[in-house]
Amino acid sequence: MRDEGGRAGRDAHVRGGGEVHEGLQGRVVALLAQTRRFSLTDRRTIDWFEWARALGALAVVALHAMRATELAPGLAAAHPSLFWVEGIVQIPLARWAVPVFFMMSGALILDPGREMPLRKVGRYIWRMAFILLTVGFAFCLMETVAKNPGPTGAYALTPPMVGTAFLHLLQGKSWDHLWYLYALMGLYLMTPVLRPFVRDASRRELGLAVLLAWVLLALVPAANLVLGVRLYRFVTLDASVAYYLAGYYAYNYLELDWRVVAVGLASLALACLPNALSLGSLAGVLSLPQYGVIMPYALLVFLLLRRALDVPIERHPVVRALARDSFGIYLIHPLFGHLAIWFLDCQVLYVPALQVGIFAVGVLGSVVLTRALRLLPGFRDKI
């Protein structure tokens, strides 16, 4: 990969003077980036990535335990103060997780040192498609049946519902958390185009690409949401592309310093503001990964995880197990929140205890189902 520092070093021999220091500094930056790329390619397991997967999965389950109870009929109106506090707390607690998942994918898959033939990319795409066609379709069937009770109030699956559920799957109208799988498929489809760009781009060019992707694909939709306007985006992709590129850029070029901390905390404060002020339709929405306001905070968490948790995962068997099952936990856990809301009388339960129960059953139940699914043909290497 070309590096701006490398060019500065070569030019310094001509210009001389104080610019020699700039060239040396540039070569040091380039050497650090090359060392990171080597370590990323050479290491079979990146320990802090495993920590990020495990902690991210737990964070998402905690988020959805709070959201499931908030959306349960009557609970939000009965406990406004509790859900106001939780609406703020869940942003720093969990909204970093999906962006960091995208960033890890970008750091790994866009690395020029890793072999990534089209056949391998195709396997990644098929993995997401297979999960959507099986588990995703099952969720669509459940949702279709739940929304169409019979004349007597009973629930039954009818042949037309199967077609409706499949159409919803193709339209992305499944459970909300599955948007991550659709986004990953899109990123994998773009990977053969993005990898050559990343390989040949300078640090400045790559940084500009990340910035433009963030502005056009995330901040413009956020501005449209906040201002009630329809600014033109010019590019009809979504914010996942910005996270994907940012992961590679951050892994190779960024360090955790006061600037990253300051910008990250500022973005977190901005994301929390609508919830803190109870700004109607913006509360709980502006912090969604799709709108990109949270991206600097996610970068802060990404770099903080690298700084603090690059320790051998073998010493922590529980974390290693959670990391191994993290995709299945992410995929399956909302099932238990839905079942709790459908079948329990939530009005008579202590809400925090209900949330803790949904969290615990969501994690443990998802691990059990994930490992059970791996015993079925086709699932072993896909979940």
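Would you check if Val361 is exposed (fewer than 15 other Cβ atoms within 10 Å of the Cβ) and in contact with a helix residue (DSSP H, G or I) (Cβ under 9 Å, 6 or more places away or on another chain)? In short, no. Sub-6 Å Cβ pairs linking a first residue in the stretch 116-129 that is farther than 11 Å from Leu189 by Cα to a second residue that is part of a helix (DSSP H, G or I) and not hydrophobic (A, V, I, L, M, F, W, C), at least 6 apart or interchain, number zero.
Kindly check whether there is at least one residue in the stretch 87-101 that is buried (at least 16 other Cβ atoms within 10 Å of the Cβ), in contact with a helix residue (DSSP H, G or I) (Cβ under 6 Å, 6 or more places away or on another chain) and free of Cβ contacts under 8 Å to residues at least 24 places away in the same chain. No, that holds for no residue.
Within the bounds of the stretch 306-316, is there any residue that is crowded, with 21+ Cβ neighbours inside 10 Å and in contact with a Leu (Cβ under 8 Å, 6 or more places away or on another chain)? Yes: the stretch 306-316 contains one or more residues that are crowded, with 21+ Cβ neighbours inside 10 Å and in contact with a Leu (Cβ under 8 Å, 6 or more places away or on another chain).
Which is part of a loop (DSSP other than H, G, I, E, B), crowded, with 18+ Cβ neighbours inside 10 Å and at pLDDT 95 or above, of Val293, Val319? Matching residue, one of Val293, Val319: Val293. For the stretch 220-276, filtered to residues that are free of Cβ contacts under 8 Å to residues at least 24 places away in the same chain and touching a Lys or Arg at 6+ places or on another chain (Cβ under 7 Å), the residue that is nearest to Tyr188 (Cα to Cα) is Val220. Across the stretch 142-157, the number of residues qualifying as of a type in the set (A, V, I, L, M), more than 25 Å from the chain's Cα centre (by Cα) and under 16 Å from Trp175 (Cα atoms) comes to 2. What is the number of the single condition among (1) without any contact (Cβ under 8 Å) to a residue 12 or more places away in the chain; (2) outside any helix (DSSP H, G or I) that Lys173 does not meet? Answer for Lys173: the failing condition is (1). Within the option set Arg199, Arg195, Arg204, being charged (D, E, K, R), surrounded by 15 or more Cβ atoms within 10 Å (Cβ to Cβ) and part of a helix (DSSP H, G or I) holds for one residue only, Arg195. For the residues Leu303, Leu344, the requirement of being surrounded by fewer than 23 Cβ atoms within 10 Å (Cβ to Cβ), without any contact (Cβ under 8 Å) to a residue 60 or more places away in the chain and in contact with an Asp or Glu (Cβ under 8 Å, 6 or more places away or on another chain) singles out Leu303.
From the list Ala340, Ala298, the lone residue that is in contact with a helix residue (DSSP H, G or I) (Cβ under 9 Å, 6 or more places away or on another chain), on the phi < 0 side of the Ramachandran plot, in a helix (DSSP H, G or I) and modelled with pLDDT under 95 is Ala340.
The values are calculated or read from the model by the stated rules, or taken from the named source; none is laboratory data. Remember, predicted model here, so these are calculated numbers, not experimental data. FYI the Cβ positions are ideal-geometry reconstructions off the backbone, even for glycines, and counts take in every protein chain you see.
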